[in-house]
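The structure under discussion appears below in the form of structure tokens.
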Amino acid sequence: MTNSPGVTTRLLRHHDLLADPSVLNLFYAIGIDGSLDANALHSAFLSLLQYYPILGAAGDDGHDVLAVHDFSGGAAAETERALAALIATERKRSHNTHSGLLVRVTLARLLPAKHLLLLSFHHAAADGWSLALYAAHVSRAYEALLRGVPIQHPVQPPVSRNVRLEERAERDRATLRAELTVLRHEAVDPFGGRRSVEKPPLRWSSMFDADFVERLQLLSASHRVTVFSIVVSAIAQQLQQMFRLSDLVLGTIVLGRRSSAEMAEGGASYQGALLVLRGPAFDLGGVGAAVSAAAARVLDYEEQLSCLSTALGGHRAAEPAVFVLADAHPMSGLRLQDAHLSVVLPSACIAADPRPAHSPNCGRIALFWRQGTGGASLNVFAEPALAPLAQVLQEGVLRILSRWTGAAPKEQAPVPWFGSLVGLSAPIAEAVSPVRLPFEQQAMCNKAAAP
């Protein structure tokens with residue numbers, strides 16, 4: 001199968017221009033403890049391709065979708081080395097966007113009742129909402145195959161054509177320009193200096209228990225805002241304390257207008273968006289309204305950045321220095337009958353202290369709140385020179401959240417799973433998806449797309 005011209009063009013623009021296309025991989029390692037029917041799991045993933053053609057089509061024998069590696073008979077040390085090499089290879093192996101197959105599944109058999117499932121999706125065919133749909137379908141299909149009953153067709157919400165209404169877009173432009181009026185450059189980048197693009201960002205994570213997440217959810221319900229808005233408000237207030245800012249422009253990623261799985265073509269629906277926060281309070285209500293406005297805006301990210309650049313005088317390209325992201329772990333909905341699943345990682349990937357990240361540059365500092373079924377994590381990505389400031393920002397945000405919820409978050413430690421692999425109840429984010437190409441590559445892209 002080959003992609004439609006629209007999909008192929010989009011993938012080539014984002015994939016082929018990147019020095020390391022594997023940054024567009026959405027990669028997950030799922031530990032499976034208990035009974036597993038590998039043939040039924042293979043068939044469940046083949047069924048996924050039939051119901052969601054955006055993922056591409058399998059070859060005649062279907063073996064290009066799921067590969068099985070049997071390590072159950074080897075010595076422990078040898079198995080651990082081979083497994084570590086397999087994980088590293090699959091994590092970094094980029095998808096061949098020209099072949100049309102944008103999902104890759106690898107199953108490693110470690111013991112009769114212990115398996116490791118490695119999933120790799122190309123970001124052009126998957127986003128947060130899509131992955132939840134994919135996980136739900138594989139769960140249903142696997143159960144149906146075990147029971148010998150037909151696989152239930154997923155219920156698809158009606159999706160309108162994403163027709164851009166120029167009248168609505170012009171209204172959004174006018175509103176955004178008004179919001180950005182009389183804005184100082186410090187509101188966009190309070191750190192000063194030049195952006196670093198030569199070195200990869202540093203990453204570290206803190207994991208918190210389910211009780212703290214429940215407290216945040218109660219706070220969210222009482223103020224009628226999302227947990228994301230609470231996190232944004234805490235970040236804004238801490239930045240205000242650190243830099244005496246009266247206004248602030250943050251970057252984020254908007255999901256939810258429609259997921260990749262619901263589209264016949266066109267790629268993932270995530271895109272960058274500006275969060276324009278007018279102070280001085282940065283209270284939950286005002287931040288919640290700004291988050292809603294960013295989610296509803298129909299302007300693409302490049303247009304929003306153009307409005308921002310104009311507001312700052314248009315003398316240089318402008319992009320928010322701080323990004324804020326939040327999601328639930330996309331694979332937390334995966335269920336396999338008679339098996340217990342957990343998110344697993346090599347212990348070396350659990351970074352409480354800064355270390356180089358396998359991640360593109362998304363702002364100068366990015367804070368990523370990720371929730372799971374048993375807790376949550378706050379993940380920080382920062383330019384190396386800004387890592388000390390980012391740590392101060394993180395500590396301040398946690399102090400504010402603790403004050404609002406009435407309790408300090410309890411940090412969770414990973415649980416040993418197999419060898420050097422550990423299981424997580426509060427899944428971390430190892431990378432931030434790029435919202436745009438670097439300015440130079442974006443210019444090349446636009447030039448290539450011109451008629």
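Under 5 Å between amide H atoms, partner at least 5 residues away or on a different chain: which partners does V422 have, H built in plane at 1.01 Å?
L345, S347, W417
Under the rule a/c < 1.5 gives rounded, and otherwise a/b versus b/c splits prolate from oblate, where does region 5-147 land using the Cα gyration tensor?
oblate
Could you give each residue of region 231-238 its phi-based ³J(HN,Hα) in whole Hz, using Karplus coefficients 6.51, -1.76, 1.60 with θ = phi - 60°, and x for Gly or Pro?
Values per residue, Gly and Pro as x: 4, 4, 4, 5, 5, 4, 5, 5 Hz.
Starting from the amide H of K114, placed 1.01 Å from N in the peptide plane, find each other amide H under 5 Å away whose residue is 5 or more places distant or on another chain.
Excluding prolines and chain starts, which carry no amide H, the hits are G34.
At a 10 Å Cβ-Cβ cut-off, how would you order F212, F243, F381, fewest neighbours first?
F243, F212, F381
Quick one: work out the % antiparallel among DSSP beta bridges in region 5-147, nearest 5.
Counting only bridges with both partners in region 5-147, antiparallel ones make up about 75 percent.
What is the fewest-to-most order of W404, W129 by other Cβ atoms lying within 10 Å of their Cβ?
If I rank by nearby Cβ atoms, fewest first, I get W404, W129.
Readers should treat all values here as calculations from the given coordinates under stated rules, not as data from a laboratory. Worth saying up front: this structure is predicted, and the values here are computed from it rather than measured. All Cβ positions, glycine included, derive from the backbone under ideal geometry; neighbour counts span all protein chains shown.
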